[in-house]
Every structure is written in C-alpha cells, then in structure tokens.
1. Just checking, how many residues over region 174-189 are assigned to a helix (DSSP H, G or I) and in contact (Cβ under 8 Å) with a residue 24 or more places away in the chain?
2. Does residue 296 count as more than 19 Å from residue 32 (Cα to Cα), assigned to a helix (DSSP H, G or I) and modelled with pLDDT of 95 or more?
3. Could you grab me the full set of residues in region 243-275 that are assigned to a strand (DSSP E or B) and within 24 Å of residue 120 (Cα to Cα)?
4. Looking only at residues in region 129-139 that are part of a loop (DSSP other than H, G, I, E, B) and surrounded by 21 or more Cβ atoms within 10 Å (Cβ to Cβ), which one is modelled with the lowest pLDDT?
5. Just to be sure I understand, how many residues within region 241-278 are under 14 Å from the mean Cα position of the chain (by Cα) and closer than 22 Å to residue 39 by Cα?
6. If residue 278 meets every condition in (1) part of a loop (DSSP other than H, G, I, E, B); (2) in the same structural domain as residue 15 (by TED's automatic domain parsing); (3) at negative phi apart from one, which number is that one?
7. So which residues in region 68-80 are touching a strand residue (DSSP E or B) at 6+ places or on another chain (Cβ under 8 Å) and touching a residue at least 12 places away in the same chain (Cβ under 8 Å)?
8. Take the residues in region 225-239 that are under 25 Å from the mean Cα position of the chain (by Cα) and assigned to a strand (DSSP E or B), then tell me which one is surrounded by the fewest Cβ atoms within 10 Å (Cβ to Cβ).
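The values are calculated or read from the model by the stated rules, or taken from the named source; none is laboratory data. Quantities reported herein were computed from a predicted structural model and do not represent experimental measurements. Cβ: placed from backbone, ideal geometry, glycine included. Neighbour counts: every protein chain shown.
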C-alpha cells in the first residue's frame, strides 16, 4: 500500500474539524481533512440553527457546514471524501488507513469525529427527523415555544432537557421505560417540582404520527405484562435524550477513552495520551455538545498541533 506523508491530518468534518482546518491552514500546516461518513457532522441533520453567533436570522445546518467547508478550502485545506478504517499510533507512528486502501503518515493528527445520538430505532424517527424529532433540546427547543413536547429518557440528560424545555413549552412529557428516574437526586427533584412536566413511567414509544410533521406519539404502558395498555399523546416535538455514541472505536487501541468511549484529553488542552494526536469536538466533550463549543475546541486542537510541530523543529 502506497504511503502519503502529510504534516497535519484532520479526521472529521463538523464544526470542530473544519475550524481546526481553518486554523491549521492559516498556520501554513497544509492540512488534509478526511470528511468521514457524514460530511458536516450532526449539524447537517438540523434544519435551522439560531444560537450560533454571526447568523442573526438563523441558518440552515447544511448551509452553515457548507460555508465552514468553503472557508477551510479557500484557505488551503485539502478536503477529501473517505472514512478512517484503521490507525497505528504505536511507538510514535501516526499511520492512518482510509477506506482500507490509502495509507497516510502524518506528523500530527487531529481527531474530530464527533458523536452520534442514540435513537430508539423506530422507522418514524427517521421519517420525522428535522420535522419534529430532535436529539438536542438546546438546539431546537426554541421552535416549540408554547407547544407540547415529549422527552425520552430517565437520566440526568433527559431531566436537563425536560426542565430546559419546560421554560419554553406549554407541556413536557417525559417517557421513561423504567418505574423510576436514573437521574441524580437533585435533577429528580427539579423535574418533580416543575408543574408542566408529566412523567410517564413504564412507558415505551411504539411510533410517531403526523401529516409531514410530528403531531403525536403512540405509547404502550407496561409492555408485555397483563397490565399492558396503549395510549396516545398529542405532541409537536419528540426529543431523544438517551445518550450519544462517541465515534472513537477505531482509535481506542491507542487513544485513552472513558467508560463511554469519549476521548480523554489533558486538562485545558486537546492533547491525548499519544504524543502528536489531538482530539476536539463531541468525540471528547460529553458535557456541552454544542456547535460553538466544538468550533472553539477545533481552534485549540490546531494551535496545540502547531505548537507540537514547532517543538519538534
């Protein structure tokens, strides 16, 4: 397999990857960016973004990522289609295989592969994605002001999403498959003390319905028991809050992650445990998961990579 040598290789093409590319390009590091399976990242599944600075009238997620890409490309980033299928970071090597057929030997690597929201796996989720189905209340909650919505999940994230939406929406249902919340005591109390949140314990979602957009959900109570009961709720928004999968599996033989797969970086840094390998965006951020935070961390990764290369002479 022919090997190509590059100075900086960026893996991933969301706000973090493109911002890293912009900074690396301006530092004359001749970055190569491999886009991955979903060019533009999770934002390409969002219809309108109103909380990213610089877009006073809001912006379509695909349009914003296309503008990021164009800026990175104009400044000199070599952007390529492809998916990283293997890496070898042992003994100071930065070898990355793309699509099982191209080997890249990089002086520094920036991982910006993001995270993928977990879905229930219902066909109707895909049908209404961007038309009532969302995995980010902070991103999309604004569009459901004074409407009724549902949040799926019973952990801290679900409780946070529900309380956030309760300030905007008329009513928030929490659909919880267990007969208890897994969230911390403080978060449970916050939910219980919010009058427009109704918790539907021991409920599962069967499907969603609506004419082009979500108008309601079909639920089942105590599924598979003698007490099983079907019910229907009228909602305009359906929010998934059952977690994310960081896209880090291919790196895990070499790069340290936490128990959920998020890449661990040094405090106040994008440096991983592997010298010359940096991580930014949602693949290492389990707390905020916002485009503006990802973009900022992409900037940090590029600056850290530049300093690393300068230190090596």
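1. Let us first name the residues in region 174-189 that are assigned to a helix (DSSP H, G or I), namely 185-189.
Checking the rest, the ones that are also in contact (Cβ under 8 Å) with a residue 24 or more places away in the chain come to 187-188.
Result for region 174-189: 2.
2. On the way: more than 19 Å from residue 32 (Cα to Cα): yes; assigned to a helix (DSSP H, G or I): yes; modelled with pLDDT of 95 or more: yes.
So residue 296 passes the test.
3. Initial filter on region 243-275 (assigned to a strand (DSSP E or B)): 244-246, 257, 263, 271.
Once the filter is applied, which keeps residues that are assigned to a strand (DSSP E or B) and within 24 Å of residue 120 (Cα to Cα), region 243-275 yields 244, 245, 246.
4. From region 129-139, those part of a loop (DSSP other than H, G, I, E, B) are 130-132, 135-136; that's our starting set.
Adding the requirement that they be surrounded by 21 or more Cβ atoms within 10 Å (Cβ to Cβ) leaves 132, 135.
Details: 132: 96, 135: 90.
Checked region 129-139; the qualifying residue modelled with the lowest pLDDT is 135.
5. Adding up the residues that qualify gives 9.
6. (1)
7. Answer for region 68-80, where residues must be touching a strand residue (DSSP E or B) at 6+ places or on another chain (Cβ under 8 Å) and touching a residue at least 12 places away in the same chain (Cβ under 8 Å): 69, 72, 77, 78, 79, 80.
8. 237
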